[in-house]
Structures are given as structure tokens and as C-alpha cells.
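K.L.:
Below: one structure in C-alpha cells.
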Amino acid sequence: MGIGIALVVALVVLAKTIFDLSQQKKQQARIEPALTDECTIVDGFPIIARASRTHLPKVGNIEPVLAAEQSTDFTQTFAANEELDTVKFVVEQPVVQQSNVAILPVRHEPRIEPVAEEEETVADDEFIDTVAMSQSQSKVVEGQDYVVLYVTSGRVPFDGERLLKAVSNYGLRFGEMGMFHRHEHPNGHGQVLFSMARVDESGAFDLEAMGSEFINAVTLFVALPNQQPLLAYDMMIDTAKRLAHEFCGQVLDQNQQPLNRQLTEHYREFVMEFTRHHLMSKAV
């Protein structure tokens, strides 16, 4: 390709050189007609009448002659910017190398949606029927003594719907006397450990209307004697603290005093002492 480009450039330069020489020869060989007396000068140019032009010599075509001193060496180099605007460069497209790796078509597998398993309805996780649990829960009001706590709301009363979901998650089930009871087992079976009631005249919850109600305070209490007194007391303390934390409330003791560590230990010792006396009285 380099030889072809050089040849094109040389031909262009040769053509231009020949054209320049021909122009110079025309100027040198130009024959001025002899002016006669009949010539009239107008604006500096001689004007000859048509009738008087017959005696003027005719000038034939003058062939250009290449001067001897003009160099005919086409191998000489030229400047990079000399007559190169007319040269057309052709850029070849790059050759893409063929890879020996075969590209296989992508196979789209049909997407199989997971089949949701049918949720088994467990009767134990539902609210306990009031009549079915009446025998075990009838002992709630037969206690000789009680340990009572209050959980009061903060600036905003307890939302009934949220409270219902919270106590259900804590294992309390709605039952006898319109109260929530925590049994030995979270599914509602076994003896009652502690209960939760409303702080009002009735103390009972209306389960159907609870979702649209706002409650200012609830009370949790353990009836003594209890088959598992310490377990019942510790679980009641834990549930009361969870409710207060979730609803930004406060836990109070039965004297309406904020429950602290000292009071917590004091009531725990009371439960232990009561249980000890109760066992001793049964042994006599």
C-alpha cells in the first residue's frame, strides 16, 4: 500500500508541474498582433475594426515543451503537507479472529413456583374455649392471697388490637371471667400460673370490641397458693416488663409504686414464705 500511495503522489506532482510549464510557455509564446494605423485606443486597449483583421497572422496551437532544466526524478521526497489533500486513504476493517469456543444457546428452564404448604390448624394455638377450661380456671378466684402488679400506659393508652396480639404472643389465652390467663403450657393447657384483667369496675375484656378500644392500664396477679409459685411469679414479672417496654408504659406494685429490683425481690420472698407456711399447714 505504501508504494501505491507514493506513486499517486508522484503522478499528482507531475501533472501540476506540466500544467505550470504550459502556462509559462503560453505567456512566453504569445504573439502580439502588429497594430496598424487603423487601430483605435479605447481605455488603453487597442481596438481593430473587423474589416481590418484579415491581414493579422493566425496563431496555431503551441505545444508545451518540457524545459531541460526541469527535473524528471519522481523518486524525490516531498513535504508531508504538499498536495496531499487529494489523496484518499482507505482503512481496512480489522479482521476478527474466530474463536474455537462454541457458543451454545441458552436454555430457559420453566420456573417452578414453590407450592405453599397448607397451614395446619392447631387447636392448641387458638383461643381456649371458656366452657372447656372452666374447671382448671375456676381456681383463679379461690386464692388465699395475691401478688398484684399494674402496667400503666404512658401518654397514649394501650391500643386494644395491639394489646391482644402482644399478650397472645406472650402465651396468654382468653378464658373464664373475661380475663387472659397464662397456663403451664403456652397452648393453654395445664394449671393457671397468673392472669391479666382490666383496671376498671368489671375487670373483664370484651374480646369482640377489644380491637377498637383504648385501655389505660391492666393488672397482672398471681393467686396463692400455686402449684408452681416461683415460676408463676417470675413469668408474671417478665410479662409485665415486656408489656411496659413494648407500649412505653410503667410497671407498678400493688401499692402503686414503681417496681424496682428491691421490690421485686421483696415480693419474691413473700411468695416463698407464703408457700412454706402453706405446706407446713397441710402437713399438720
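The values are calculated or read from the model by the stated rules, or taken from the named source; none is laboratory data. A quick note: this is a predicted structure, and the numbers were derived from the prediction, not measured. These accessible areas exclude ligands, DNA and RNA; they are computed on the full protein's heavy atoms, side chains included. Shrake-Rupley method; radii C 1.70, N 1.55, O 1.52, S 1.80 Å.
K.L.:
Counting only the heavy atoms of the protein chains, how much of Lys165 is accessible to a 1.4 Å probe, in Å² to the nearest 10?
P.N.:
Rounded to the nearest 10, the figure is 120 Å².
K.L.:
Further question: May I ask you to give the percent of accessible area on region 131-267 that is carbon plus sulfur, with a probe radius of 1.4 Å?
P.N.:
With neighbouring chains kept in place, the figure for region 131-267 is 49 percent.
K.L.:
Hey, another quick one. Can you give the extra length, in nm with one decimal, that the chain gains between Asn169 and Thr275 once fully stretched, where that is 0.36 nm per residue apart less the Cα-Cα distance? Mind showing how you got there, number by number?
P.N.:
Working: separation 106, 0.36 × 106 = 38.16 nm, distance 2.95 nm.
Working it through step by step, the gained length comes to 35.2 nm.
K.L.:
Could you tell me the accessible area of Glu269 in Å² (1.4 Å probe, neighbours in place), rounded to the nearest ten?
P.N.:
We get 120 Å² for Glu269.
K.L.:
What order do Ile41, Ile5, Ile237 take when sorted by accessible area (1.4 Å probe), most exposed first? Mind dumping the intermediate values first?
P.N.:
Details: Ile41 110, Ile5 55, Ile237 15 Å².
The ranking, largest first, comes out as Ile41, Ile5, Ile237.
K.L.:
Please report the relative contact order for region 144-284, taking Cα pairs under 8 Å with a sequence separation of at least 6, and give it as a percent rounded to a whole number. The partial results should precede the final answer.
P.N.:
On the way: 231 pairs, mean separation 45.0, N = 141.
It comes to 32 percent, rounded to a whole number.
K.L.:
While we're on this one: I'd like the accessible area for Thr275, computed on protein heavy atoms only with a 1.4 Å probe and all protein chains in place. Round to 10 Å², please.
P.N.:
Approximately 40 Å² of Thr275 is accessible to the 1.4 Å probe.
K.L.:
A further question follows. Students sometimes get this wrong: rank Val12, Val151 by accessible area, probe 1.4 Å, all chains present, largest first. Could you put the intermediate results ahead of the total?
P.N.:
Details: Val12 45, Val151 0 Å².
Ranked list, largest accessible area first: Val12, Val151.
K.L.:
From the protein chains alone at 1.4 Å, what is the descending order of accessible area for Leu193, Leu164, largest first? The partial results should precede the final answer.
P.N.:
Details: Leu193 5, Leu164 35 Å².
The most accessible residue leads, giving Leu164, Leu193.
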